[in-house]
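Structure, as structure tokens:
The values are calculated or read from the model by the stated rules, or taken from the named source; none is laboratory data. Here the structure is a predicted model, which is why all the values come from computation and not from measurement. Cβ atoms come from the backbone with ideal geometry, glycine included; neighbour counts cover every protein chain shown.
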Amino acid sequence: MIKQLKPYYKGKTVFLTGHTGFKGSWMLVLLRTLGARVVGYALAPEHKYDLYHAIKGDTLCESHIADIRDKDSVLQAVKKAQPDFIFHFAAQALVRESYRIPVDTFDTNTMGTVHVLEAMRMLDKPCSAVMITTDKVYENMEWEFHYKESDRLGGFDPYSSSKAGAEIAIASYQKAFFNPEDIAQHQKAVAVARGGNVIGGGDWADHRIIPDLVRAMQKGEKLKIRNPKAIRPWQHVLELLYGYLLLGSKLYDDPKHIQGAYNFGPNMGDEMTVNELVRCAIDIWGKGEYVHIPDKEKLHEAGILRLNIEKAIKVLDWHTSWNSIQAVEKTMIWYQQVFDGADARTCCREQIHEYFSEDSKS
């Protein structure tokens, strides 16, 4: 897979929003492994032990610490970078936080996406963009079936709705300014990647299950879980990042036909409840306890979410390499190694090498 992707990204300029976040930091290491020049745009990292600082992210990219809500700043940064690719990760990404700051969530996730699209529109050169939304953009009816890209968008909480709003804006820009039929004139191509419930080493966000578990184990406390029976499409961060990069390469090759939305998630039947995920992580770590504490705030969170990934498999030839249990194992091993003194960037690179070496498509 590295050989497959390198010709597209080696020596190319990639504008990466959200580069200081968990997924953005992993993407930064991966893009540099592919030989890309990376220009990052994001807020400063929130946590003292964040992954971006741990990997010495400032040495891997040209970093712009700025707000995606600042339209002029986004336009100037993109204009200066003159990117060949844009990967838009920047977001207010927490469901529970979106209840506390709904206006900021919509401003960041919906209008922030518009700012990136507008900056791309102003570019006087070819550019391919992969806009990262979420698996939660669907109007979740708590059904058993797997959601397809053609299913209705919606969202109960402000986070999900703001991401659905971002997708409506993306579709508008695609039709109005980046129409595939006129690709020869505007030379811009946009696709949407839907995925979520990502796990992996170096995530320190609040209100996410693995970081909460690791913090609890460090303190010798019991992890408090709200919804132990909830089913989510858990997946290692590298699975999604490979999907995003593959989508970017296909978009570059065939901008007229590849545009659109793509689900990235685990294979059908490979799923875990919150309870199963926590028990698996504790078994791998070798210690830890948890307890079910009902949510006093009673904030709505979906009980079940499954994705249909047939489109990504058929159109992009994307396949998963690590199942959910392996994803938990790789994640907990990363934390253990770093806690034992290993270098975080080295741990990321070793797992990147392992992921791409193990896959049958390499």
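Out of (1) surrounded by fewer than 21 Cβ atoms within 10 Å (Cβ to Cβ); (2) more than 22 Å from V14 (Cβ to Cβ), what's the single condition that is false for G260?
(2) is the only condition that G260 fails.
Looking only at the stretch 1-32, which residues are assigned to a loop (DSSP other than H, G, I, E, B) and either surrounded by fewer than 23 Cβ atoms within 10 Å (Cβ to Cβ) or among the small types (G, A, S) (or both)?
Keep residues of the stretch 1-32 that are assigned to a loop (DSSP other than H, G, I, E, B), which gives 1, 10-12, 18-21.
Passing the criteria: M1, K10, G11, K12, G18, G21.
Quick check: is even one residue across the stretch 144-157 hydroxyl-bearing (S, T, Y) and touching a Gly at 6+ places or on another chain (Cβ under 8 Å)?
Filtering the stretch 144-157 down to residues hydroxyl-bearing (S, T, Y) leaves 147, 150.
Cutting the leftovers down to touching a Gly at 6+ places or on another chain (Cβ under 8 Å) gives us none.
Scanning the stretch 144-157, I find no residue that is hydroxyl-bearing (S, T, Y) and touching a Gly at 6+ places or on another chain (Cβ under 8 Å), so the answer is no.
Go through the stretch 321-331 residue by residue and tally those that are under 19 Å from the mean Cα position of the chain (by Cα) and part of a helix (DSSP H, G or I). Please lay out each step first, then the result.
Taking the stretch 321-331 first, the residues under 19 Å from the mean Cα position of the chain (by Cα) are 321-324, 326-328, 330-331.
Add one more test, that the residue is part of a helix (DSSP H, G or I), and what stays is 324, 326-328, 330-331.
Number satisfying all stated conditions: 6.
What is the one condition in (1) of a type outside the set (F, W, Y); (2) assigned to a loop (DSSP other than H, G, I, E, B); (3) at pLDDT 95 or above; (4) touching a helix residue (DSSP H, G or I) at 6+ places or on another chain (Cβ under 7 Å) that G341 does not satisfy?
Of the numbered conditions (1) of a type outside the set (F, W, Y); (2) assigned to a loop (DSSP other than H, G, I, E, B); (3) at pLDDT 95 or above; (4) touching a helix residue (DSSP H, G or I) at 6+ places or on another chain (Cβ under 7 Å), the odd one out for G341 is (4).
May I ask you to verify whether G200 is touching an Asp or Glu at 6+ places or on another chain (Cβ under 6 Å) and of a type outside the set (D, E, K, R)?
Working: touching an Asp or Glu at 6+ places or on another chain (Cβ under 6 Å): no; of a type outside the set (D, E, K, R): yes.
Criteria not met by G200.
Please enumerate the residues belonging to the stretch 284-300 that are surrounded by 14 or more Cβ atoms within 10 Å (Cβ to Cβ) and either small (G, A, S) or modelled with pLDDT of 85 or more (or both).
First pass over the stretch 284-300, keeping only residues surrounded by 14 or more Cβ atoms within 10 Å (Cβ to Cβ): 284-285, 288, 290, 299.
Within the stretch 284-300, I284, W285, G288, Y290 meet the criteria.
A quick yes/no check of all residues on (1) within 26 Å of G243 (Cα to Cα); (2) buried (at least 16 other Cβ atoms within 10 Å of the Cβ); (3) among the acidic types (D, E):
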{"position": "C61", "(1), (2), (3)": "yes, yes, no"}
{"position": "Q92", "(1), (2), (3)": "yes, yes, no"}
{"position": "T108", "(1), (2), (3)": "yes, yes, no"}
{"position": "E149", "(1), (2), (3)": "yes, yes, yes"}
{"position": "G154", "(1), (2), (3)": "yes, no, no"}
{"position": "Y159", "(1), (2), (3)": "yes, yes, no"}
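Here is a yes/no grid of residues against (1) in a helix (DSSP H, G or I); (2) without any contact (Cβ under 8 Å) to a residue 40 or more places away in the chain:
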residue	(1), (2)
Q76	yes, yes
A91	no, no
Y99	yes, no
D107	yes, yes
T110	yes, no
T113	yes, no
V116	yes, no
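With the structure loaded, tell me whether L305 is surrounded by 16 or more Cβ atoms within 10 Å (Cβ to Cβ), under 21 Å from the mean Cα position of the chain (by Cα) and modelled with pLDDT of 90 or more or whether it fails that test.
Details: surrounded by 16 or more Cβ atoms within 10 Å (Cβ to Cβ): yes; under 21 Å from the mean Cα position of the chain (by Cα): yes; modelled with pLDDT of 90 or more: no.
In short, no.
Looking only at helices (runs of 4 or more DSSP H) that lie completely in the stretch 131-226, which have at least 3 residues being under 20 Å from the mean Cα position of the chain (by Cα) and under 22 Å from E271 (Cβ atoms)?
Here the list reads 158-176, 209-219.
Would you say G35 is on the phi > 0 side of the Ramachandran plot and not in a helix (DSSP H, G or I)?
Values: on the phi > 0 side of the Ramachandran plot: yes; not in a helix (DSSP H, G or I): yes.
So G35 passes the test.
If I ask for residues that are in contact (Cβ under 8 Å) with a residue 12 or more places away in the chain, of a type outside the set (S, T, Y) and over 14 Å from L223 (Cβ atoms), which ones from the stretch 262-281 would you list?
Step one: list which residues in the stretch 262-281 are in contact (Cβ under 8 Å) with a residue 12 or more places away in the chain, which gives 262-268, 270-275, 277-278, 280-281.
Those still in the list that are of a type outside the set (S, T, Y) too: 263-268, 270-272, 274-275, 277-278, 280-281.
Matches in the stretch 262-281: N263, F264, G265, P266, N267, M268, D270, E271, M272.
How many residues does the stretch 224-257 contain that are modelled with pLDDT under 95 and among the aliphatic types (A, V, I, L, M)?
So the count comes out to 3.
Of all the residues that make up the stretch 71-102, how many are in contact with a Lys or Arg (Cβ under 9 Å, 6 or more places away or on another chain) and either at pLDDT below 95 or acidic (D, E) (or both)?
Residues that pass the stated criteria total 4.
Going by the conditions given, is E46 out of contact with any Ser or Thr (no Cβ under 7 Å at 6 or more places or on another chain), among the charged types (D, E, K, R), over 18 Å from L238 (Cβ atoms) and at pLDDT below 95?
Working: out of contact with any Ser or Thr (no Cβ under 7 Å at 6 or more places or on another chain): yes; among the charged types (D, E, K, R): yes; over 18 Å from L238 (Cβ atoms): yes; at pLDDT below 95: yes.
When the stated conditions are applied, E46 passes them.
Could you check, for the stretch 304-320, whether at least one of its residues is part of a helix (DSSP H, G or I), of a type in the set (F, W, Y) and under 24 Å from F89 (Cβ atoms)? I'd like the intermediate steps shown before the answer.
So the first thing to find is which residues in the stretch 304-320 are part of a helix (DSSP H, G or I), and the list is 310-316.
From what's left, of a type in the set (F, W, Y): none.
Within the stretch 304-320, none of the residues are part of a helix (DSSP H, G or I), of a type in the set (F, W, Y) and under 24 Å from F89 (Cβ atoms).
Taking the options H53, H47, name whichever one is free of Cβ contacts under 8 Å to residues at least 24 places away in the same chain, farther than 17 Å from G243 by Cα and more than 13 Å from the chain's Cα centre (by Cα).
Of the residues listed, the single one that is free of Cβ contacts under 8 Å to residues at least 24 places away in the same chain, farther than 17 Å from G243 by Cα and more than 13 Å from the chain's Cα centre (by Cα) is H53.
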